Amino acid sequence: MKKVYVLLCAIGIVFSFCQCSSSKYQLEKESLLSPYKPYFQSWIAEVEKGGSGFNITFPNLNANNQVVVDSVFFRGLKSKLVKGRAKYTAKLQNPSPYDRDMSPEAAFIKDKEPTFPFKLLNTECVISYFENGLLKYQKISGLKEKEGVFYDNDTLR
């Protein structure tokens, strides 16, 4: 009976260590990033191939010298974040039904991603960044929505 108890304890310990393996897309509990009042704005273009999507802005995103901000994941889309004057922005474009290479599946195949890696609410996003050379992910909640933009044919000419 003692041997069975020891064997069961050993099996339990082995399984507990096996289940602790980290996920490729593990979110950080604490981060060096401190976004201040992030917001997004939907946009749509009237022309057939104009498309639609979201502009997302992180004003005064504080990142120290050890951090290099990379991309944002939002509503099933991914885009690079671009540093501007005191802010980071990204333009996320929905797949166009007129462009076969822009389907959601094709977009992530290009990046070698099988599916959108995060389950997020409509007012949440994830920022990917490099800290001391390691890729990390931080979820940002409470994005505010600003009034959308409609580009008509005259605006796009």
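The values are calculated or read from the model by the stated rules, or taken from the named source; none is laboratory data. Because the structure is predicted, anything quoted here is derived from the model rather than measured. Note: ideal-geometry Cβ built from the backbone for every residue, glycine included; neighbour counts use all protein chains shown. Accessible surface areas use protein heavy atoms only, side chains included; no ligands, DNA or RNA. Shrake-Rupley method; radii C 1.70, N 1.55, O 1.52, S 1.80 Å.
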Given the condition modelled with pLDDT under 90, assigned to a strand (DSSP E or B) and open to solvent by less than 80 Å² (accessible area, probe 1.4 Å), answer yes or no: does some residue in region 71-86 qualify?
yes
Going through region 119-133 in order, the residues found to be farther than 18 Å from G53 by Cβ and open to solvent by 60 Å² or more (accessible area, probe 1.4 Å) are K119, L121, F130, N132, G133
D154 fails exactly one of (1) within 18 Å of the chain's Cα centre (by Cα); (2) modelled with pLDDT under 65; (3) of a type in the set (D, E), namely (1)
Do we find a residue being more than 16 Å from Q138 (Cα to Cα), at pLDDT below 80 and in a loop (DSSP other than H, G, I, E, B) anywhere in region 24-44?
no
